[in-house]
Amino acid sequence: MSHNSFGHLFRVTTWGESHGPAIGCVVDGCPPGIALTEADIQPWLDRRKPGGSKFVTQRGEADQVQILSGTFDDGAGPVTTGTPISLLIENTDARSKDYGEIARAYRPGHADYVYQAKYGVRDHRGGGRSSARETAMRVAAGAIARKVLGAGVAIRAGLVQIGPHRLADDQIDFGAVEGNPLNAASADTAAWEQYLEDVRKAGSSIGAVVALEVTGAPVGWGAPVYGKLDAELAAAMMSINAAKGVEIGAGFGSAELSGEDNADEMRLGPGGQPVFLSNKAGGILGGISTGQPIIARVAFKPTSSILTPRQSITRDGAETEVRTKGRHDPCVGIRAVPVVEAMAACVLADAMLRHRGQVG
């Protein structure tokens, strides 16, 4: 299996399966001299790990990260050395027996069939490599990317829609995300929680939309044509499990706008610097950051593992019904929030290093 790496100068390779002994990643291209310990990474993993509330899978993984290489303590505390940083998380609560019934049956909505067809073999235990368990390592890599970017770049995401319930733009409050079990960008989630509780008790699942906001990124990151920052952000978001749509700025809403409404007009501000009067472009023009907030949204489909029997087929060519047992998220968008942030951090760290390499 190829394509387990992403990034150019800041490059991340992940490895491992959902029910294997461990998962891990290698981060290559991190500059030297950056203070880094497990304590810098763990808080971000704690936001993503399972079992945090009744609204997410109850798989009991601590997700304790270990740094195996790439740092050195010269007496003032561990710092990066510029060499590959290897990270490891042990799997401690896999229940492979839960997946015995689908060893030869294909779960609708999952990658079971296409993995079997492409490779001639698949790990049915929790989906193996196709499991969202892999995203823990993206979050770990994203923590390192944040250190590269520095405190001046703030990356925030939050749930803004779950099923039919959605927030208007003027209702979004990223400061409320860590204060509720849904990772929602709102402090008022009572109706959302009741709705999701009903979905969970019914053994079903529901989709969601996660909004992303990046502030502090300067003008100039990204490259025209084939290195566009928005294209790379979109590709990174679409690589997240269950992601089915990405929009930058006004996104699909742009189709309803006139040229006058869509244009982000400019005036001169202090020091002769441009001031944008709107941000329909989402902070990126021609594939290059404008210095405005970078805005994006990611749509996630409902979790495919549900208790309701669904029609499918087996490897042996028989028709069957599949009812997925095990521990699953009723809404994958909740735990996708820190993953969206992490992928944005990795893309932006790479863009920053490439910009520095090209123009100094």
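Data for the structure
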| quantity | calculated |
| --- | --- |
| Space enclosed by the convex hull of the alpha-carbon atoms of the chain, per residue, Å³ | 160 |
| Average accessible surface area per residue within the chain, 1.4 Å rolling probe, Å² | 47 |
| Radius ratio Rg over Rh of the stretch 118-214, counting only Cα atoms, Kirkwood formula for Rh | 1.06 |
| √(5λ) per eigenvalue of the Cα gyration tensor, the stretch 182-297, largest first, Å | 33, 17, 14 |
| Cα gyration tensor shape of the stretch 246-353, rounded if a/c is under 1.5, else prolate or oblate by comparing a/b with b/c | prolate |
| Estimated distance in nm for a label pair at residue 267 and residue 307, the labels positioned 7 Å out from Cα along Cα-to-Cβ | 5.8 |
| Whichever aspartates and glutamates have a C-alpha closer than 16 Å to that of residue 228, once near sequence neighbours (fewer than 8 apart) are set aside | 247, 350 |
| Span per principal axis, largest first, for the Cα atoms of the stretch 260-320 (Å) | 70, 22, 21 |
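The values are calculated or read from the model by the stated rules, or taken from the named source; none is laboratory data. Quantities reported herein were computed from a predicted structural model and do not represent experimental measurements. Heads up, the Cβs are rebuilt from the backbone with ideal geometry, glycines too, and the neighbour counts pull from every protein chain shown. Quick note on the areas: whole protein, heavy atoms, side chains included, nothing else; ligands and nucleic acids left out. Shrake-Rupley method; radii C 1.70, N 1.55, O 1.52, S 1.80 Å.
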